[in-house]
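The values are calculated or read from the model by the stated rules, or taken from the named source; none is laboratory data. Worth saying up front: this structure is predicted, and the values here are computed from it rather than measured. Ideal geometry is used to build each Cβ from the backbone, glycine not excepted, and the neighbour counts take in all protein chains shown. Note: accessible area is taken over every heavy atom of the protein model, side chains too, but ligands, DNA and RNA are not part of it. Shrake-Rupley method; radii C 1.70, N 1.55, O 1.52, S 1.80 Å.
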Amino acid sequence: MSATNNILTDTFGREHTYLRISLTERCNLRCTYCMPAEGIELSPKSHLMNFEEIYTIAKTFVDHGVTKIRLTGGEPLVRKDAPVILKKLASLPVELAITTNAVSVDRFIDTFKECGIKNINVSLDSLVSAKFKEVTRRDYFQRVYDNIMMLIEEGFNVKLNAVLMKGFNDNEIIDFINLTKTHRINIRFIEFMPFDGNKWDMDKTVSYKEIIKYVYKSFPQEKVLRIADAPNDTSKNYKIDGYQGSFAIISSVTNPFCDSCNRLRLTANGRMKNCLFSASESDLLTPLREGKNIEPIIQKAVQAKLKMRGGMDTLEKLKKPELHGKNRSMITIGG
Ligand code: SF4
């Protein structure tokens, strides 16, 4: 299907081939930068997509050019019918991937293999058990760490997502990179981003430049190799010469990558977000349940997509609580 009449191509010519689907607003962790301390008001079950609706909406996107689907949450694996959803989506001609906190991932290895899932992103913000407990408000560090190692042994491509927060885990950057010495893992340092209820502050954000400075303080420059980024990649990729794994930086705050954005999102209550930072959403679930064609709604939402960060195209704008505060909390977007 040519770009011009593809409903998933926006006014900047960006073709959207990657759909991130949040399966649930629930999670078995309570990460401080994701879930407001007081928790969130969960949508009533009847407002959430059931597995057939997830499949039907996903298939509509695939029919129009989506080639990759990532399942997120909350924590996608806490959803009771997660195996059913995985198997149904695995029947679509797409690359299926998942982002999980790995607390219960050990119970899904066979299902992942059956569904052809190879790429698994795991959230882990500290290698220190006490700090893990502090940021997640749960005491599951060893279980998560052991599950990550098991996923690598089982041959999955594991990316480890660490949200860096100044004064909390920026002093672990080198420890994380040293994990790549003997493990075939990709460590991704994520700049702390503003979402509803996460008490974001630019002063807590560890910038791309600051992370690189940490790296060059610990490794000779010639040992730090800049490796090729994949098309549409959100991360800037590096490798320490001779190490098995690699590391990367996702700099949505200080060095955004919106020019090559190919991502759309679907929330657990069936709302389409044309950008992670956009506060505007399009309800696909209600019209679907009314038997209406959802393609025109999808097309309208894609045509309405702004060039950068939902319109917060400068750092000054991103810093404005009256702008970034309109968006949902991360737990109900799924990253
Ligand atoms: S901020 Fe929005 S436009 Fe930019 S890369 Fe992320 S989703 Fe795409």
Problem set entry | Flag for ILE249 being more than 13 Å from the ligand (Cβ to nearest atom), among the β-branched types (Val, Ile, Thr) and more than 16 Å from the chain's Cα centre (by Cα) | no
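Name the helices (runs of 4 or more DSSP H) wholly inside region 246-335 in which the number of residues that are more than 25 Å from GLU75 (Cα to Cα) and open to solvent by less than 60 Å² (accessible area, probe 1.4 Å) is 3 or more.
Ranges flagged: 295-303.
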Seminar exercise, completed: In region 231-245, anything at pLDDT 95 or above and either within 16 Å of the ligand (Cβ to nearest atom) or open to solvent by 10 Å² or more (accessible area, probe 1.4 Å) (or both) is listed as SER235, LYS236, ASN237, TYR238, LYS239, ASP241, GLY242, TYR243, GLN244
Exercise. Of these, LEU315, LEU264, LEU306, which one is under 30 Å from ASP203 (Cβ atoms), among the aliphatic types (A, V, I, L, M) and near the ligand (Cβ under 10 Å from one of its atoms)?
Worked result: LEU306
Seminar exercise, completed: When region 233-260 is checked residue by residue, the ones that are touching a strand residue (DSSP E or B) at 6+ places or on another chain (Cβ under 7 Å) and not hydroxyl-bearing (Ser, Thr, Tyr) are LYS236, ASN237, LYS239, ILE240, ASP241, GLY245, PHE247, ALA248, ILE249, ILE250, VAL253
Exercise. Out of all the residues in region 268-297, which are closer than 24 Å to LEU323 by Cα and more than 14 Å from the ligand (Cβ to nearest atom)?
Worked result: ALA268, ASN269, GLY270, ARG271, SER282, ASP283
